[in-house]
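K.L.:
Take this structure, written in structure tokens, and hold onto it; I'll ask about it next.
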């Protein structure tokens, strides 16, 4: 029985590492995509941010239906060999967040992330959105940075945080 538990634990660790590798490969492949190809919400531009992403509650008004997202998540889990029972270990995330005008349901803008990773990315998303709405960062620059590599995009927020009055 103990050998079964050890083997099961080992298989879970291997699966988690494989998922992270797949996510990284997706990011590396996406980094070569031209910015004109980004999956965006056409209603959100630099000229419209004060009426869209910078309005409190706006992203809630455009969120996709939960049912649609569950179907997509189930398909993505199956594609990486994860069971439906393990679905709560992952978040279906928008690569370009809705708060930066990412496309709501375009599958190119959706990816699975382990929950701990998703929480880390969420903080960077919030920081970028604040920088855009405060006029410290252009919308297209924020979108391009998070599309290329969200962890590197976090450096933009760190730099802005070092400026006096940033993100009050």
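K.L.:
Can you confirm whether the stretch 95-103 contains a residue that is closer than 20 Å to residue 39 by Cβ and either surrounded by fewer than 19 Cβ atoms within 10 Å (Cβ to Cβ) or modelled with pLDDT under 95 (or both)? Even if it seems obvious, please write down each step before you answer.
P.N.:
Within the stretch 95-103, the subset closer than 20 Å to residue 39 by Cβ is 95-103.
Subset that is either surrounded by fewer than 19 Cβ atoms within 10 Å (Cβ to Cβ) or modelled with pLDDT under 95 (or both): none.
No: the stretch 95-103 contains no residue that is closer than 20 Å to residue 39 by Cβ and either surrounded by fewer than 19 Cβ atoms within 10 Å (Cβ to Cβ) or modelled with pLDDT under 95 (or both).
K.L.:
Going through 130, 117 one at a time, which residue ends up being farther than 22 Å from residue 44 by Cα and buried (at least 18 other Cβ atoms within 10 Å of the Cβ)?
P.N.:
Testing whether each residue is farther than 22 Å from residue 44 by Cα and buried (at least 18 other Cβ atoms within 10 Å of the Cβ) leaves just 117.
K.L.:
Just the residues that are buried (at least 18 other Cβ atoms within 10 Å of the Cβ) and either touching a residue at least 60 places away in the same chain (Cβ under 8 Å) or not in a helix (DSSP H, G or I) (or both), please, taken from the stretch 133-147.
P.N.:
136, 137, 139, 143, 147
K.L.:
Inside the stretch 98-107, can you point out the residues that are in a loop (DSSP other than H, G, I, E, B) and either without any contact (Cβ under 8 Å) to a residue 12 or more places away in the chain or within 12 Å of residue 44 (Cα to Cα) (or both)?
P.N.:
Scanning the stretch 98-107 gives 101, 103, 104.
K.L.:
In addition: Residue 16 fails exactly one of the following numbered conditions: (1) surrounded by 10 or more Cβ atoms within 10 Å (Cβ to Cβ); (2) touching a helix residue (DSSP H, G or I) at 6+ places or on another chain (Cβ under 9 Å); (3) modelled with pLDDT of 80 or more. What is the number of that condition?
P.N.:
(3)
K.L.:
Mind checking whether some residue in the stretch 31-42 is assigned to a loop (DSSP other than H, G, I, E, B) and over 22 Å from residue 151 (Cα atoms)? Explain how you work it out, then say what you get.
P.N.:
First, the residues of the stretch 31-42 that are assigned to a loop (DSSP other than H, G, I, E, B): 32-34, 38-39, 41-42.
The next check asks that each one be over 22 Å from residue 151 (Cα atoms); those that pass are 41-42.
Yes, the stretch 31-42 contains at least one residue that is assigned to a loop (DSSP other than H, G, I, E, B) and over 22 Å from residue 151 (Cα atoms).
K.L.:
Right, next: Does residue 54 qualify as being outside any strand (DSSP E or B), modelled with pLDDT under 90 and touching a helix residue (DSSP H, G or I) at 6+ places or on another chain (Cβ under 9 Å)?
P.N.:
no
K.L.:
Shifting gears a bit: Can residue 89 be described as without any contact (Cβ under 8 Å) to a residue 60 or more places away in the chain and either in contact with a helix residue (DSSP H, G or I) (Cβ under 7 Å, 6 or more places away or on another chain) or closer than 28 Å to residue 140 by Cβ (or both)?
P.N.:
yes
The values are calculated or read from the model by the stated rules, or taken from the named source; none is laboratory data. In this text, all values refer to a predicted model and were calculated from it rather than measured experimentally. Glycine also receives a Cβ, built like all others from the backbone with ideal geometry; neighbour counts cover every protein chain displayed.
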